[in-house]
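Since the structure comes first, as structure tokens, the remarks are kept for the end.
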Amino acid sequence: MDIKHLQLFFDIVEAGSLSKVCASRGIAQSALSKHIAALENEIGAKLFYRTGRGVVLTELGQSMMPRVRSLLSEFELLASEVRDQSNVPSGPVRLALQSSITQHIVGPLFQHVRADFPKIDLRLMEGFAGNIEEALANGRADVGVFSRYGDRIHKTDEALVTDELYLIARTGDPVVGNPSCRFADVAGLPLVLPGAPDGFHMMLLDEAKKSGVHLNTQIEVDSLTAMREIVANGAAYTILTRQAVSVDMQLGRIQVSRITDPVLSRTLVLAVSTQRPLTHASRTVIGLIRKLTQRET
């Protein structure tokens, strides 16, 4: 049984569609279909049903999935141990980054990896903190960089940098006319926030309860780009770090006001998956991330 066929089978199950795997792997859909057909021919049964929304596992495919996951994990561990013995970092590193920091470190990170560690295969996924924690927990990501709020930092987290939070609005909005504002000033403002139970959203709800402030969450959006566009068009306000909207500020689309009384902050943390040991390649990428996040402060 070809390990490549099993890896592609696993990737399709994780992605939920052939097209997503084709895009991430850079292969044609016809070639991917041939690989799966070869695996099905070898097994002698269908593994997927095709639907209008993608593909769904057959009963046999569902029963195979845990064994395939375990087999691929063992194979990757063996391969990483062999690579580590060469003292040259190589192999895949699945990195999950929070959307608000991607624009600041992903370019320099890929540039460093390509120039200095060309044998590392760096694969990027992007999302909010909850998505990243889930990816680390189930082994879809090896390394994650995301935000914790207040005293919610875990013992296994490595704190990278702490930033204060700001009220964000369209340029010219009088609410952000001063360099700072009180948290109480947020009361009643129409807000666009990540959907609960996102850690950031829950932290704001906790602070609002302590301060007796009513949060008027009008829109829940799990996309930083969408949040920035909604704010820049004046449809709502949000609360983020300056770093998350630095490009919009440079373009004159957005203004910010530092939140005080109380001061709110987020800590950017680095965490790793417990599903497999850290490889030499992963440790190398972690070292680069540390340097890049310190440079941004």
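The values are calculated or read from the model by the stated rules, or taken from the named source; none is laboratory data. All figures in this text were calculated on a predicted structure; none of them were measured in a lab. Neighbour counts are summed over all protein chains in view; Cβ atoms, including those assigned to glycine, are modelled from backbone coordinates with ideal geometry.
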* Asked: Could you say which residue among ARG242, ARG253, ARG266 is surrounded by fewer than 22 Cβ atoms within 10 Å (Cβ to Cβ), modelled with pLDDT under 95 and under 27 Å from GLY188 (Cβ atoms)?
  -> ARG242
* Asked: Being of a type outside the set (Val, Ile, Thr), at pLDDT 95 or above, in contact with a strand residue (DSSP E or B) (Cβ under 7 Å, 6 or more places away or on another chain) and outside any strand (DSSP E or B), is that true of even one residue in the stretch 199-209?
  -> no
* To do: Would you be able to say whether some residue in the stretch 4-12 is among the polar types (S, T, N, Q), at pLDDT below 90 and part of a helix (DSSP H, G or I)?
  => no
* Kindly indicate whether ALA236 is farther than 18 Å from ARG148 by Cβ and surrounded by fewer than 19 Cβ atoms within 10 Å (Cβ to Cβ). => no
* Asked: Do the conditions hold for VAL245, that is, is it aliphatic (A, V, I, L, M), under 21 Å from ARG228 (Cα atoms), touching a residue at least 24 places away in the same chain (Cβ under 8 Å) and not in a helix (DSSP H, G or I)?
  -> no
* To do: Look at VAL213 and say whether it is part of a helix (DSSP H, G or I), of a type in the set (Val, Ile, Thr) and surrounded by 14 or more Cβ atoms within 10 Å (Cβ to Cβ).
  => no
